[in-house]
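Read the structure below first, then the notes.
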Amino acid sequence: MFNRPIRSAYTNVSAAPLAIGVLALLGATTPVAAQECKRTFVAEIGDAAQSMEDSLLQTLRKFQKSTTPIPREVADTAQENLPQLLKVRALDPHTRHDFANFDVYLGSEYRSSSPDVFVLPRDARVLCLLAPSTTVFLSDGHIHHYAMVRSVDYAARTVILVDPWASDSFLLAGRNLARVAGRPIIVAGEPQQLELRFDELVKVIHGTITGTGGYKYLAVLDDVFNDYRSQESYQFWKFSRLLAVDDGEPQAYAATLLRTSGDIVGKPSLQLLLEYANDILIRVASGFSIDAPGVPGKVSETKKRRKLFLQRLPAYAKALPWVLKWNLIKKAASFHDDGLTLAIIDSFLPETPNDVEFLTARGQVLLRQKQSEPAVKQFEEGERQWRSGLSELIDLKPPSRAVEFYFANKEALVEGFESFQVVEWSHIRNRLGYAAALLQRDRRTQVRNTLDPLLKYKGNLMTDFFPEQLTLMWIWGGPAEAQALVKSVLDHPEWLDESEGLQWYIGHALFEHLVTRQSVKDFVKQDPKFPRYEYIESILCTRVKNEPASDLFIYCPTCKLRDASERLTNDLKSFCAAGR
Amino acid sequence: VAGRSHIDIAGPFLLLMVLFIFCGIGPPPSPAKSPLIAKLITDETRPLQGLTIIRDPRLGPIFPVGVRTRLQLQAADATKIIQVDRIRLAPAMLAVTAGPQWAYAVDPTKQPGFGAAKPRNFSVIFDGDTTASINYVDDQLNVHPASFPNLLPNDLLIRFDAQSGFQEALDMVLMSNAVGLLELTLQVSSTSAGVQYVQSTDPLRIYKR
């Protein structure tokens, strides 16, 4: 539950998940100890390291990336940085967000006031924390690059990176300002690789993202950076990354540690984080009827607790990393507490008024509230901000040229830069929402011009934007069209085979649909095959059985949909309990 | 000096001119105008990504850690053949105490990551004002090392004529490993019609803490 699938540093490489969680439990082998390390992450995860390396190579063999030249127009302006990579992972429909990503910049020269940036010193200690599939940010001060660790050899004191640019790498002799002379490993049919000595890597490693190993990684990190353990910024970083996992278990673990540790006294950022943990885990989820674990407040105090929550939002807007803010919006939206969702978004937007995800989420709430005209305007504003954001990513003036350049070179940009993946997803989500809002306002509106350009999407439009399409179909064609969309996806189990993340994503949207809009009984009536689709059990019924969210509206006295959804939820429960 | 007239100063000057004229001695020749224009392009002279320029009221712009720049060489006279002999890097460590406004930090989110080496680019790392390592990466990403203080590798010929063209832009990144303030000028030596010319760029200043 607390591990991540391989997500390549390269784009369009969403990989098969690793069963590292199980493997990590098998126990550590005895790799050669590093001179620099009392303890290494590789030793901590044991045999799993080899499995991770094998899976990484297997995945990369499948998705060999073409190394097209970087367009000059985006060479210095594309946002390829650690916070952006985390955003990609948070928004990627193929990624199950039940693993923690620990992103850290390395180097005393780095400073940032952003809550999305955390910095540790760049020294040999980082060598203790590497493992296969760790993303590394490499820089000589002039050229910057991302690659992934394939293996760490503490005996030979070398690291092998997988890097599609290895043969052209700036880390080859004479091509960099760090005086590093990396050795490319080029074997036909294999992903390109680059070998660096430990001393070379320490010169150029400026950041890492570790998304595997969870608690084991943290244990090693705490040990290796023992001198940082009690620092507020370090603790904020560690706990905020645990809380960013879209899964109750690590969130609860972080909340428990924060709550039980006397360490947070006099540390305002940690106190705020504990409030956030209680908000996302308990207060929002209970419609503010419960205050904290073991503190079941009086229902009469619901309004007061809600008010206090709203008062905290401006502080959250300033202090929390983007993923935590995004998860809070999603949590409130998933409980269909529209007023609360709008209040959260409206508190966050003043800090980041051009955040297209927040703007689009706001449009979706308005759409759900059937405020068609404001929803249309909201999506239009999202589109304006999206275009304006493009002109910051593409170095062309006037901004209209940047937009033209994006559409003319979209495929190469999305393939070459993770930040452009977010750009594309944001735009498609916005356009689908916009079309739905137009149709909700007037069913006769022609939305073809809005939707046609989306057909150029290289991925699977049906699955990757399933929630937005389901909404669109529901508004446009009602139950029949919505059900037709669901049927067409379930009729293609090979689409869902692709990743567990995608199954979770589709399942979540289907669950939402069946507890808020359309009865599962209607589904079965229209399509008797429905109970027997291959993925019904795993994507839908497992969720209904396991997640307290299946009772979501019962806990939410303020939710307008409560009564209607209670009936739909009960139908769904009976359907799943029947075993089909 | 207060009260001293202009005539007092002009007197010896006039005498000198009279001597020049009546003794057949001509005035000293003004240095021949170089047929090559060499200058650093202001718009292309930028700090490293993630850093901002330090503005010092006495010294002007200072680049923390390093600087990216473009040296533009252009033939001023299309009828002449010009050969660039060398581009001498002339660094000097200045004994200046860093002001409080010289504090700098790198914003890591402003360092976009790509990967491949940058073609047609010089990279220079100064270890002080007496040594530096210099490399040029060509179109095919081959590395051509040069020997300090000459920026140009032995196998890189820059010539301006009707066949080779009349303009060349050299992109470079200059970084200092030495703590302190390093002032750098580029001195371009060229030959045309058997006459040697030397031109210096405006100085660049790099500060490393």
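Note on the stretch A:65-98: among residues that are of a type in the set (Asp, Glu) and at the interface with chain B (Cβ under 8 Å from one of its Cβ atoms), the one that is farthest from the chain's Cα centre (by Cα) is A:Asp76.
Can you tell me which residue within the stretch A:99-114, out of those that are touching a Lys or Arg at 6+ places or on another chain (Cβ under 8 Å) and surrounded by fewer than 21 Cβ atoms within 10 Å (Cβ to Cβ), is nearest to the other protein chains (Cβ to nearest Cβ)?
Residue satisfying both the conditions and the ranking: A:Gly107.
Here are some residues: B:Ala169, B:Ala117, B:Ala132. Which one is in contact (Cβ under 8 Å) with a residue 24 or more places away in the chain, exposed (fewer than 15 other Cβ atoms within 10 Å of the Cβ) and hydrophobic (A, V, I, L, M, F, W, C)? Criteria check complete, one pass: B:Ala169.
Would you check if A:Gly213 is under 20 Å from A:Ala131 (Cα atoms), at pLDDT below 90 and buried (at least 20 other Cβ atoms within 10 Å of the Cβ)?
Values: under 20 Å from A:Ala131 (Cα atoms): yes; at pLDDT below 90: yes; buried (at least 20 other Cβ atoms within 10 Å of the Cβ): yes.
Spelling it out, A:Gly213 is indeed under 20 Å from A:Ala131 (Cα atoms), at pLDDT below 90 and buried (at least 20 other Cβ atoms within 10 Å of the Cβ).
For the stretch B:131-145, filtering for residues that are more than 7 Å from chain A (Cβ to nearest Cβ) and over 23 Å from the mean Cα position of the chain (by Cα) leaves 3. Contact map, the stretch A:168-196: residues that are within 12 Å of chain B (Cβ to nearest Cβ) paired with residues that are part of a helix (DSSP H, G or I) and surrounded by 23 or more Cβ atoms within 10 Å (Cβ to Cβ), Cβ distance under 6 Å, separation 6+ or inter-chain. Pairs shown: A:Ala178/A:Val204; A:Val180/A:Val204; A:Pro184/A:Ala166; A:Gln192/A:Ala166; A:Leu194/A:Ala166. Number of residues in the stretch A:126-153 that are under 25 Å from B:Tyr104 (Cα atoms) and either assigned to a strand (DSSP E or B) or among the basic types (Lys, Arg) (or both): the value is 7. Candidates B:Gln111, B:Gln49, B:Gln72: the one that is in contact with a helix residue (DSSP H, G or I) (Cβ under 7 Å, 6 or more places away or on another chain) and at pLDDT 85 or above is B:Gln49. What's the number of the condition A:Leu129 fails, among (1) over 17 Å from A:Thr40 (Cβ atoms); (2) in contact with a Phe, Trp or Tyr (Cβ under 6 Å, 6 or more places away or on another chain); (3) more than 12 Å from every other protein chain (Cβ to nearest Cβ)? The failed condition is (1).
For residues in the stretch A:138-162 being facing chain B (nearest Cβ under 7 Å) and not aliphatic (A, V, I, L, M), which is nearest to B:His144 (Cα to Cα)? Across the stretch A:138-162, the extreme among qualifying residues is A:His142.
Among the residues of the stretch B:95-119, those that are among the β-branched types (Val, Ile, Thr) and more than 10 Å from chain A (Cβ to nearest Cβ) comprise B:Val96, B:Thr97. Scanning the stretch A:24-83 for residues that are modelled with pLDDT of 85 or more and among the polar types (S, T, N, Q) yields a total of 6. One residue stands out among those in the stretch B:51-79 that are touching a Phe, Trp or Tyr at 6+ places or on another chain (Cβ under 8 Å) and assigned to a loop (DSSP other than H, G, I, E, B): the one that is surrounded by the fewest Cβ atoms within 10 Å (Cβ to Cβ), which is B:Ala78.
Within the stretch B:176-204, how many residues are closer than 21 Å to A:His142 by Cα and crowded, with 19+ Cβ neighbours inside 10 Å? Residues that pass the stated criteria total 6. Of the helices (runs of 4 or more DSSP H) lying entirely inside the stretch A:425-521, those containing at least 3 residues that are surrounded by fewer than 20 Cβ atoms within 10 Å (Cβ to Cβ) are A:448-451, A:466-490, A:493-497, A:500-516.
Filtering B:Phe148, B:Phe122 for residues that are part of a loop (DSSP other than H, G, I, E, B), at pLDDT 95 or above and more than 9 Å from chain A (Cβ to nearest Cβ) leaves a single hit, B:Phe148.
Mind checking whether some residue in the stretch B:97-111 is of a type in the set (Val, Ile, Thr) and either more than 19 Å from B:Ile62 (Cα to Cα) or free of Cβ contacts under 8 Å to residues at least 40 places away in the same chain (or both)? Don't jump to the end; show me each part of the working.
Just the residues of the stretch B:97-111 that are of a type in the set (Val, Ile, Thr), to begin with: B:97, B:106, B:109.
From what's left, either more than 19 Å from B:Ile62 (Cα to Cα) or free of Cβ contacts under 8 Å to residues at least 40 places away in the same chain (or both): B:97, B:109.
Within the stretch B:97-111, one or more residues are of a type in the set (Val, Ile, Thr) and either more than 19 Å from B:Ile62 (Cα to Cα) or free of Cβ contacts under 8 Å to residues at least 40 places away in the same chain (or both).
In summary, A:Val88 fulfils each of the numbered conditions (1) within 20 Å of A:Val422 (Cβ to Cβ); (2) free of Cβ contacts under 8 Å to residues at least 60 places away in the same chain; (3) of a type in the set (A, V, I, L, M, F, W, C) with the single exception of condition (2). Residue check: is B:Ala92 away from chain A (no Cβ under 12 Å), in contact with a strand residue (DSSP E or B) (Cβ under 7 Å, 6 or more places away or on another chain) and surrounded by fewer than 16 Cβ atoms within 10 Å (Cβ to Cβ)? Considered against the rule, which asks whether it is away from chain A (no Cβ under 12 Å), in contact with a strand residue (DSSP E or B) (Cβ under 7 Å, 6 or more places away or on another chain) and surrounded by fewer than 16 Cβ atoms within 10 Å (Cβ to Cβ), B:Ala92 comes out as yes. Only residues that are acidic (Asp, Glu), touching a helix residue (DSSP H, G or I) at 6+ places or on another chain (Cβ under 7 Å) and within 17 Å of A:Ser574 (Cα to Cα) were counted across the stretch A:513-541, and they come to 1.
Restricting attention to the stretch A:115-125, the residues being within 14 Å of another protein chain (Cβ to nearest Cβ) and part of a loop (DSSP other than H, G, I, E, B) number 6. Starting from residues that are among the β-branched types (Val, Ile, Thr) and over 20 Å from A:Pro83 (Cα atoms), keep the ones in the stretch A:240-276 and report whichever is farthest from the chain's Cα centre (by Cα). Ranking the qualifying residues of the stretch A:240-276, first place goes to A:Val265. Would you tally the residues in the stretch A:382-428 being under 21 Å from the mean Cα position of the chain (by Cα), polar (S, T, N, Q) and modelled with pLDDT of 90 or more? Within the stretch A:382-428, residues that are under 21 Å from the mean Cα position of the chain (by Cα), polar (S, T, N, Q) and modelled with pLDDT of 90 or more number 2. Considering every residue within the stretch B:75-86, establish whether at least one is closer than 24 Å to B:Tyr207 by Cβ, of a type outside the set (A, V, I, L, M) and at pLDDT 90 or above. Checked the stretch B:75-86: no residue is closer than 24 Å to B:Tyr207 by Cβ, of a type outside the set (A, V, I, L, M) and at pLDDT 90 or above.
Might you let me know whether the stretch A:231-241 holds any residue that is surrounded by fewer than 20 Cβ atoms within 10 Å (Cβ to Cβ) and in a loop (DSSP other than H, G, I, E, B)? Within the stretch A:231-241, one or more residues are surrounded by fewer than 20 Cβ atoms within 10 Å (Cβ to Cβ) and in a loop (DSSP other than H, G, I, E, B). When A:Asp199 is tested against (1) surrounded by fewer than 23 Cβ atoms within 10 Å (Cβ to Cβ); (2) within 14 Å of chain B (Cβ to nearest Cβ); (3) farther than 30 Å from A:Lys318 by Cα, only condition (2) is not met.
Count of the stretch B:29-71 residues, restricted to those that are within 14 Å of chain A (Cβ to nearest Cβ) and free of Cβ contacts under 8 Å to residues at least 12 places away in the same chain, is 1.
The values are calculated or read from the model by the stated rules, or taken from the named source; none is laboratory data. If you're wondering where the values come from, they're calculated on a predicted model, not measured in any experiment. Positions of Cβ are backbone-derived with ideal geometry, glycine not excepted, and every protein chain shown enters the neighbour counts.
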